[in-house]
Each structure stands twice: as structure tokens, then as C-alpha cells.
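Quick note: the coordinates plus some simple rules give every number you see, no bench work behind them. Model, not experiment: these values are computed from the prediction. Neighbour counts run over all protein chains shown; Cβ positions are idealised from the backbone, glycine included.
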Amino acid sequence: MRRLSAGRRRTPRRPVRFGLLALLLFALAVPLAAQVPVAATGIEIGPAVGQNLVRLQELWAQWVTAFYQGRPDMAEAATREMERIAGQLGMRQLPDLAQAMAAKAVDSARSGDPERAAWALEMADRLWPGQPEIALAHSRVAAASGAPLAALRWEATGWRRLAGEPPARRMLWRAFVAWTSALLLAAAGLYLLLQFAIKGPNVYRNLQALCARRLPGGASHAVAFAALVWPLALPGGLVWWLLWISALLWVHSSLSERWVQAALWLLAGVMPVLVAQQIPHSALELSPPARAMAALQAGRLEGSLFTDLGVLRSSLPQSVGVQLLVGDLHRHLGQWEYARSVYRQLLEAHPGTVDALLSLGAFHARQEEYATATQYYERAATVDPNSAAAYYNMSLAYSEVYQFDESRQALDKARRLDSQQVAEWVRTGDRRRAVVFDGGLARVREIRSELAAVRGYATSLRLADCLPLAATLVCALLALLWERLLRRFGGGRPVSLATARPAWLEWLIGLVLPAWRAAEEGAGGRAFAGVIGPLALLMLPFASRLAVFPPAAVTVRWQGLGWASVFAIALLVAVRAWRERRRTR
């Protein structure tokens, strides 16, 4: 590069300028740079908080510059300052910045610079400690650095952390329910097709014989064929045809096959209802307001936090929990004047909100207006006589104005109500600071219920949800009526349809489709197991399409599911080949 630049000294400046411009644009594109006006978010952002957010922008730009220059000392200083500002804002985590650091670490490792990736990941872990995304980024870095065992260990750590987070755990559970439902329904369909392939001729002969009692030969065959396939003409005809076929097969089934068929009818009726009940929960979990509440609970300062809370506030303008949540956010951000305004508006509509009374008392105590603070504490104690916090705060306010007798009496009252909690406040708190609670976060479940009602995320059963169960019950009734009809006219029920085959064909069936042999023998449990086992292995890689998580810079990899499926199928075929070889000896 030096030899090239020696001949043309002016040309490198333009790429450098463009590089610096791109770096600046990238820094401004960081989600935390969203210093948006009040009208866009619905959450008031004061000058001090706005300056802190702008400062985070500048620090991110400094960190990116230090990263590309290979300056860990400069990046460390920027990271420490980010942590300090996050603490000033009442937050513990900066996930957007941490994810961006992790993504750059992965790119650096793939470019052959594992040392730079290592210190970038260490800083990302500090901004967002103990998170699955960072562990998965460690796995990518280890894989790119030629350390497969470390990559595997970090991958397992990432999955363990992912399963340990309540929102992610709920999403994984719903994905598992959806995958299991799809597997069971697909296996039920294949099982019925297998049964029909073996017993279909008997079903057709019974239909034709019944029709021949009133119709001539050609017409009886036409009517029997039409009676066999008519559900295919309906919308979703394959599903209806399988249900119809299951009813016709009932009379030809052994006892074990009837048990399996009854269980499949129950699954076909219940599983769609169960999956339908999960969809509203997933939609609510991934909605911006719910993600904002989860971020506040975890102390995460996300780039979309203020906007998402604005959506929540506009969706539930009269909710006590939401107003408390907004007031608590302002209090954590240090915007006590904004918090005071929210609490006072809340008390005008709901005078008995104890959390708002305690917070307003704490505001006036900070202003050294102890008489006003005491009035709010007394109101809180009147509304909730069992509030130890009200009497404890009252004792602090009395102490500041030298009313020590009243202070001691209030403290004794608080100890009688909850001595253990008061001891904890005395041990860990500042005797000059009042105890306040995050009443909004304590009402998250209530807020979620209100949000579900407003957004239409209903989870109660509707009449349409019961249609699959009703259809399977009708199918079972038709099966019993069909059996009674055939018994009246002398119909039979073959249990075993096993036939003699060449040895090579018997070996091939045992290797590829042992469920066929079990179905011929009337072994319903073994036949269904022979269908659902291989099908589960084939469907395993598709489980990734059912798991939905909020967007992240480093996403979950699912390729391992495909490799596990291939390995398990190969092992299954090998075991079957060994068993068939022993069987034919």
C-alpha cells in the first residue's frame, strides 16, 4: 500500500473521507441514537436524559473508531463511560450496543483477528451480562478461530441461557407445542393412509356389497366409489377424507388399532384448539408494548424503549398500571418533575393509589418539603393501614424535622407490620431517602391482560375453536353406525392381513417401512410408532421455523438440528438392518 500511495498521494484521501463518513452514519444509525421528539414517542424526554442519550451516541462512535484502529484501551474507556451513563439513567443493560459489539466481534474473528474479537466480546458481555446472544457470539468466534470444542461449549451455554429467560422459554414452549401438534397430525394422516392402503379393498367391497342390494353391478360400483371419495370435493378435502376413511376403517380394525384410532380422533379435536390458544399469547409476547415492559423489568435500555412505551401509553391511556409504569420510568431516569406530573394526574382519577402517594411523598422529601411529604405518607397509611413503607417513610420525614418521638412511633408501627422488611430497609437503604416502589412493574400481569383485551388477543374459547372436536365426535359416531350397519348385513372384520412375500421384499419392508408389517398384523401401537418415529426425525429441522424470537444482531443457529436428524436417521436404518438380518437367519 505504501508503494502505491507514493506515486499518487492525493487519491487515498477520498476513501478515507468516505470511510469516516460511513463510520459517522453507522454511529448515527445505532438504535440508542433515537433522540426523537416527544410527539413521536409519547414519553417526555428532558434535557438531561437527552444529553445522556446523545453522549451514548458519541461514545458508540468512539468505540467503533477504537475497534477499527485496534485500540482496546480507547474502547475500554468508552465502555466504562457507557456503563456509567446507563447507571445514571437507572438501567443495568445496553442490549443494542452489546449486540452490535458482538456482531463486530464475529466479523473480526471471521476476518482472522481473534484477539480483537475477544476484547470486543468481553466489553459486550459487560453491557449485557449473562445473555444468550453474547454466548452465541462467543460460539461463532470460537468456531471461526478453529476451536470447535469451545464453540460447542458456548453454543450449549447460549441455549441454556435462552431456555432460562422466561419470555424465550415461553416462546420455545409454544414452538414445541406447534411442532408436536404438526408431528402428531401428520403422523395420524400417514397412519390412516397406511391403514387404507392395506384395508382399502375390504372397505370398498363392503360399500359395493351394500350398494348392490339396491343397484345393478355397474351402478353399485360407481356409487360405492363416490361414497368413498366424496369428501375430496370439499374445501380442505384431504382432511375431511381422512376423517371419513377413519370412520370406515373402524369396523376392520383390531382392538389395539381401535385404541390408537380413538386417541388420534381425540388429538385431531384437541390439538388445533391448543395451538389456537397459543397464537394470541405469542402475538402479545412479541408486541412492542410487551417487549417494552420486559425491557423495563430487566433494566434494559433499548433503542425502541421510549417509542414502545408511547405505544403502550396510547393503547391504554386510562390504565392505572401504565400510568404508574410511566411515572416510575421518569423517576428512574431522574426526571422527578415529569414523574410528579404523572403521579398527580393519576391521583386525580384514582385517589387511593398507594404507590403514587409514596412516590409523591418521596419527591417532596427530596425537595426538603417534609410537611407535604408527611401528608402524602399519612394518606397512604389511611388507604392501606398495613403499608409498612408508609410508616417507615413517615419516620424518616419526622426525623428530618427533629420530631423524634413521632419518628420513633412511626418506625415502631412499621416494624410491627413487617419487621423483616424494615430491617432490610434500614440495612441497605439511605436513612435520608424514602422507600418507593415500582408499582407499574408490579402490575405487569394486569397491564398485559388489559392490553390483550384492547388489542383483541383473546384467549377464551370461541365456538369456531370447538369445530375440530365436534367433527371428530361426529366421525366417531359415524364409525359406530357404520359398524352396526355392516354387522346387520353380515360384514366381517379381518384383523390380520399378513401375506407371504419373498425374503428380499420382507427384508426391504422391515428396513424401510416396518409399520406396514405391523399394520398387516393388526398391531396398532407398533404401526403408529413405526410411522411417527421416522417422521419426527424428518421434521426435526423444521422446528426452527416455528420458533420466533425478537430480532437480534446474533441469531440462534439451527443447523445442528439438521445434522442431528441425519445422524439419527442413519442410526435408525442401521439398527433396523441389523435386526432384520438377525430375523432372517
Notebook entry, point to check: Order of 332-343, 225-236 by packing, highest average Cβ count within 10 Å first?
Noted result: 332-343, 225-236
Notebook entry, point to check: Along its principal axes, what span do the Cα atoms of region 310-366 show, with the longest given first and each in whole Å?
Noted result: 33, 25, 13
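What is the gain in length, in nm to one decimal, between Arg416 and Ala442 on full extension, counting 0.36 nm per residue of separation less the C-alpha to C-alpha distance? Let's see the in-between values first.
Details: separation 26, 0.36 × 26 = 9.36 nm, distance 2.39 nm.
Between Arg416 and Ala442, full extension yields an extra 7.0 nm.
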Next item on the list: State, in angstrom, two size descriptors of region 305-455 derived from its alpha carbons: Rg to one decimal place and Dmax to the nearest whole number.
Entry: 16.0, 53
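Any idea what the relative contact order of region 377-417 is, in percent, if you count C-alpha pairs under 8 Å spaced at least 6 apart?
On the way: 43 pairs, mean separation 16.5, N = 41.
With pairs under 8 Å counted, the relative contact order is 40 percent.
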Margin query: Quick check: pseudo-label points 7 Å beyond the Cα along Cα→Cβ at Leu473 and Ala349, how many nm apart are they?
Written below: 4.3 nm
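Could you tell me the calculated FRET efficiency between Glu337 and Glu424, based on Cβ-Cβ distance and R0 = 41 angstrom, to the nearest 0.05?
On the way: r = 30 Å, r/R0 = 0.73.
E(calc), rounded to 0.05, equals 0.85.
Let me have the relative contact order for region 375-456, percent, based on Cα pairs under 8 Å that are six or more residues apart.
25 percent
Mind jotting down a quarter of the surface of the convex hull over the alpha carbons of region 225-269, in square nanometres, one decimal? Provide the component values of the computation, followed by the final result.
Working: hull surface 13.5 nm².
Convex hull of Cα atoms, orientation-averaged projection: 3.4 nm².
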Check: According to a simple spin-label model (label point 7 Å from Cα along Cα-to-Cβ), what is the distance in nm between Phe176 and Asp113?
Finding: 4.2 nm
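Around Thr307, under 12 Å between beta carbons, what's the net of Lys plus Arg minus Asp minus Glu among the other residues? If you can, show how the numbers build up before the last one.
Values: positive: Arg291, Arg313; negative: Glu302, Asp308.
So the surrounding residues net to 0.
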Notebook entry, point to check: Ala453 to Leu274: FRET efficiency via 1/(1 + (r/R0)^6), r the Cβ-Cβ distance, R0 25 Å, to the nearest 0.05?
Noted result: 0.70
Next item on the list: Would you mind computing, in nm to one decimal, how far apart the modelled labels at Arg169 and Ala209 are, each placed 7 Å from Cα along Cα→Cβ?
Entry: 5.9 nm
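Which value, in Å to one decimal place, does the Kirkwood hydrodynamic radius take for region 29-167 when every pair of different Cα atoms is included?
On the way: mean 1/r = 0.0632 Å⁻¹.
The answer is 15.8 Å.
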Note to self: Between Leu286 and Ala147, how high is the FRET efficiency from 1/(1 + (r/R0)^6) when r is the Cβ-Cβ distance and R₀ = 35 Å? Nearest 0.05.
What the structure shows: 0.50
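Among 74-81, 130-137, how do they line up from the highest to the lowest mean number of other beta-carbon atoms within 10 Å? Write out the running numbers ahead of the final one.
Working: 74-81: 18.5, 130-137: 23.4.
Sorting 74-81, 130-137 by mean packing, highest first, produces 130-137, 74-81.
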